[in-house]
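S.K.: I have a structure I would like to understand better, so I am pasting it below and will then ask my questions one at a time.
The values are calculated or read from the model by the stated rules, or taken from the named source; none is laboratory data. As the structure is a prediction and not an experimental result, all values here were calculated from the model. Cβ atoms come from the backbone with ideal geometry, glycine included; neighbour counts cover every protein chain shown.
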Amino acid sequence: MRVLGVALVLLTCGRWMHWWLRFPTRTLDGMNLADLPRIEFAFPGPLRDQLVAAILSGAKTSTSGLVLEYERENEPLPRAGQRLAVVDSADRRVAAIELTEVRVIRLADVDLQHVLDEGEGDESVAKWRAGHERFWHGAEMRAELGDLAFTVNDDTLVLAQRFRLVHTGEVA
């Protein structure tokens with residue numbers, strides 16, 4: 001499982017998310033969420049729910065992950081133009097995003113615009129990095145990576161992705 005994103009903002013999404021989930025699963029161009037590869041933001045639970053809510057609201061248009069996650073699973077990196085189904089904590093496909101930019105950069109090279117576009121309330125790269133380090137150094141992530149002592153540094157490769165929301169709705 002690839003784990004993307006970290007949220008530091010608290011969003012309430014109960015009734016609001018329920019409203020979004022009533023949309024149909026097919027768009028005018030025939031796209032079906034069930035046909036798209038999945039993308040998971042963080043681990044199931046409150047953090048994922050916050051990130052998904054931020055995507056659905058349009059506040060979140062970028063995300064960061066570790067290149068190491070793809071390397072460990074021998075998976076190709078995503079590419080611009082690719083469409084992905086966003087999965088919520090209940091494992092439902094609730095939206096589709098289209099990647100508009102995919103960059104592999106050093107952690108030290110993450111820029112303020114990327115941080116702001118993550119829509120998580122960080123107003124500086126230092127604050128963003130501190131939050132992401134807490135997530136990447138957390139027990140769940142270390143267990144996922146199979147390295148209980150995993151840490152990041154300035155040279156850690158980050159997958160910085162920009163995306164746009166192209167569809168909302170749950171697959172029935």
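S.K.: Condition test on residue 59, is it surrounded by 14 or more Cβ atoms within 10 Å (Cβ to Cβ), modelled with pLDDT of 95 or more, under 23 Å from residue 112 (Cβ atoms) and out of contact with any Cys (no Cβ under 8 Å at 6 or more places or on another chain)?
M.R.: yes
S.K.: OK, next. Working only within segment 84-93, note down all residues that are within 13 Å of the chain's Cα centre (by Cα) and closer than 16 Å to residue 165 by Cβ.
M.R.: Once the filter is applied, which keeps residues that are within 13 Å of the chain's Cα centre (by Cα) and closer than 16 Å to residue 165 by Cβ, segment 84-93 yields 84, 85, 86, 87, 88.
S.K.: Let me ask something else. Among the residues that make up segment 101-112, is at least one of them buried (at least 21 other Cβ atoms within 10 Å of the Cβ) and either among the basic types (Lys, Arg) or at negative phi (or both)?
M.R.: no
S.K.: On to the next question. What do you reckon, is residue 96 crowded, with 18+ Cβ neighbours inside 10 Å and within 29 Å of residue 169 (Cα to Cα)?
M.R.: yes
So that you can scan it fast, the table gives a plain yes or no per residue for (1) acidic (Asp, Glu); (2) under 30 Å from residue 156 (Cβ atoms); (3) at pLDDT 95 or above:
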{"position": "21", "(1), (2), (3)": "no, no, no"}
{"position": "26", "(1), (2), (3)": "no, no, no"}
{"position": "30", "(1), (2), (3)": "no, no, no"}
{"position": "34", "(1), (2), (3)": "no, no, no"}
{"position": "52", "(1), (2), (3)": "no, yes, yes"}
{"position": "84", "(1), (2), (3)": "no, yes, yes"}
{"position": "87", "(1), (2), (3)": "no, yes, yes"}
{"position": "90", "(1), (2), (3)": "no, no, yes"}
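S.K.: Which numbered condition trips up residue 124, out of (1) surrounded by fewer than 18 Cβ atoms within 10 Å (Cβ to Cβ); (2) without any contact (Cβ under 8 Å) to a residue 60 or more places away in the chain; (3) within 13 Å of residue 63 (Cα to Cα)?
M.R.: Failing condition for residue 124: (3).
S.K.: Within segment 128-163, count every residue that is in a helix (DSSP H, G or I) and in contact (Cβ under 8 Å) with a residue 40 or more places away in the chain.
M.R.: So the answer is 9.
S.K.: Let me ask something additional. Out of the residues in segment 36-59 that are of a type in the set (A, V, I, L, M) and assigned to a loop (DSSP other than H, G, I, E, B), which is farthest from residue 98 (Cα to Cα)?
M.R.: For segment 36-59, the residue satisfying everything is 42.
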